[in-house]
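Shown next, in structure tokens, is the structure this report addresses.
What follows is calculated from the coordinates using simple rules that are stated; it is not laboratory data. Here the structure is a predicted model, which means the values were calculated and not measured. Glycine gets a Cβ as well: all are built from the backbone with ideal geometry, and neighbour counts include every protein chain shown.
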Amino acid sequence: MMMKKLGFLLQLLVASLVKAEIVSGADEFTRYDFPPGFVFGAATSAYQVEGAANEDGRTPSIMDTWAHSDSVITGGANGDIACDQYHKYKEDVQLMAEMGLDAYRFSISWSRLIPNGRGSVNLKGLQYYNDLINELISHGIEPHVTIHHFDLPQALEDEYGGWISRKIVKDFMEYADICFRMFGDRVKYWTTFNEANIFTMAGYDLGFLPPNRCSSPFGYFNCTRGDSSLEPYLAAHNIILSHASAARLYQKKYQSIQKGYMGLNLLSFYFVPCTNRTEDVIATQRANDFFLGWFVEPLVRGDYPEVMKKNAGSRLPSFTALESQRVKGSYDFFAVNFYSASYVKDNPESLNIEPRDYKADMAMDWKSMQENASSKYTPLPSSEIPLTPWGLQGVLELFKQNYGNPPIFIHENGQRMQRNASLEDWPRIQYLQEHISVLLDTVRNGSNAKGYFTWSFLDVFELLDGFRTGYGLYYVDLDDPELRRYPKLSAEWYSRFLKGGSIAPDGIELEGNWSSLSSAKVMK
């Protein structure tokens, strides 16, 4: 073990003396070129980072059930321990402060706070989140809280089917009410759902994420329950109603006192037609409607996109006049997670399939430009992955042009790399630099972007492959009983940027000592 730690120290020493290769970028810039108040942070989520899955009254969520049953994706790993932030939150907050983060985005585990999904609050869970929030604020770090990050209490899934039941709306609103009441005096930025579009598509149509619901022949895996033709639309409808109920409750009961903001998070791709054929261009617009418009259109305009109503027909639920009124305008901001752009090709033949699922209703084929395939869990070598930072600009322009330029937070953006002990993650530095540079250009062009969070602060338990890859600024040694954290070069790069360091068009140099992220502070 001692030799292993010496190896890490040697890596840090060598890395601190190495000059960066040229990293492409636009004009020289610093964080102070962004508007005053623009927030820079990093993100994680409860199940992926907390651990302590069976401690202090927490009960299983659908994430626990999925992780313990789907070794194909997770590689046999689970989040029972994860990064153990439940016990190491003070250490992690100290690292955030040393890095210079303005904000930390995390989620609350519903089943840790309310073990049965409704009813009594778990006092130890309540204490943990109070302690974490207070620790962040004491270090000058703003908490941005997601209320639901793929982790519905298993008790509610077992009782009535979770998000496919209208009963969930009341239970979610009561859960959100407790969050607002207990934490809202210190939390000013609330996001109801993380990646609501992917949660419904991957969890209820394709079935490879919790709660593993799908039906033959649509699911990627052998789901034992579900209906891929109906349930994605049903779950999404109940999520939208739940979001609106929580947002209206906050606006009526808390906002004037707590002065906070409510938003919804979606995964975004910038869709590009694979040819200049009219059919592929139209298919690209249809992709935007199905992927983002599915949730954004109801909140902005009170109803689903017309093409969705046409292609899905009666399988797409309708809003009553009262529901439409409550849903419309039920947001203060939108949040997007962006990783890469995608090619789109028209596929009208899919509309001839009976029965059809959500994916077939889109009537197009699409493939990410960055990942080689979502069904392959070993990523391409980082040097071979094309970067598409212009796609982030495209997504922000879409919100600007189509949806009235609402306030936008980039909640996740980062580079997936094979998880190992190497701390020299130059591809991640290039990824961050190019995306932040493009973000600055987009803000200067009038985008109402308000903040940027990189995914992820630590190498967490990842949904697509457990611990086989990582996005973290910090490496977590899973073989060490103490789960020590080690800063990668990207952590040093981000820290220098956060503290006002200039990012030049020909890259940056990492020379001298790791002054802001001393290995002695991390490894003591």
| task | Mind ranking 297-303, 498-504 by how tightly packed they are, going by the mean number of other C-beta atoms within 10 angstrom, highest first? | result | 297-303, 498-504
| message | Return the unpartnered cysteines for the chain, using a Cβ-Cβ cut-off of under 4.7 Å. | response | Cys83, Cys179, Cys274
| Inter-label distance for Gln127 and Tyr160, nm, one decimal - labels placed 7 Å from Cα along Cα-to-Cβ | 3.2 nm
| task | Quick one: plug the Kirkwood hydrodynamic radius of region 182-320 (C-alpha pairs) into Stokes-Einstein at 4 °C, 1.567 mPa s, and report D in µm²/s. | result | 78 µm²/s
| query | Measuring from centroid to centroid over Cα atoms, what is the spacing of region 40-102 and region 430-508 in Å? | reply | 18 Å
| Which residue, chosen from Leu423, His148, Pro487, occupies the Cα position most advanced towards the positive end of the dipole of the chain, where the dipole is computed from +1 (Lys, Arg) and -1 (Asp, Glu) charges on Cβ about the Cα centre? | His148
| Highest-first arrangement of 226-235, 167-176, where packing means the average Cβ count within 10 Å | 226-235, 167-176
| field | Label zone at Arg225, where the point sits 7 Å out along the Cα-to-Cβ direction: region 156-197 residues whose backbone N lies under 16 Å | value | 156-168
| said: Give me the one-decimal nm value for the distance between modelled label points at Asp441 and Arg186, 7 Å along each residue's Cα-to-Cβ direction. | reply: 4.1 nm
| task | Report the charge-dipole magnitude of region 267-352 in Debye, nearest 20, computed about the Cα centre from +1 at each Lys and Arg Cβ and -1 at each Asp and Glu Cβ. | result | 120 debye
| Förster-model FRET efficiency, 35 Å R0, Tyr32 and Lys259, C-beta, rounded to 0.05 | 0.85
| Per-q log10 I(q)/I(0), the chain, q = 0.07, 0.12, 0.13 Å⁻¹ (Debye; single scatterer per alpha-carbon; no solvent) | -0.36, -1.15, -1.38
| note | CD proxy, 222 nm, the chain: helix-only mean residue ellipticity via -39,500 (n - 2.57) per DSSP H run with n ≥ 4, per residue, nearest 500, stands at -12000 deg cm²/dmol
| Cα gyration tensor category, rounded, prolate or oblate, for region 283-333 with a/c compared to 1.5 | oblate
| Using mean Cβ contacts within 10 Å as the protection proxy, how do 133-140, 360-367, 43-50 order, highest first? | 43-50, 360-367, 133-140
| remark: Sorted by chain and then number, the residues having a modelled amide H within less than 5 Å of the amide H of Ala449, at least 5 places away or on another chain, are Ile408
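About its Cα centre, how strong a charge dipole does the chain have in debye, to the nearest 20, once Lys and Arg get +1 and Asp and Glu get -1 at the Cβ?
So the dipole magnitude of the chain works out to roughly 1120 debye.
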| message | Is there a quick way to get the dipole size of region 158-198? I mean about its Cα centre, with the Cβ of Lys and Arg at +1 and of Asp and Glu at -1; what is the value in debye to the nearest 20? | response | 200 debye
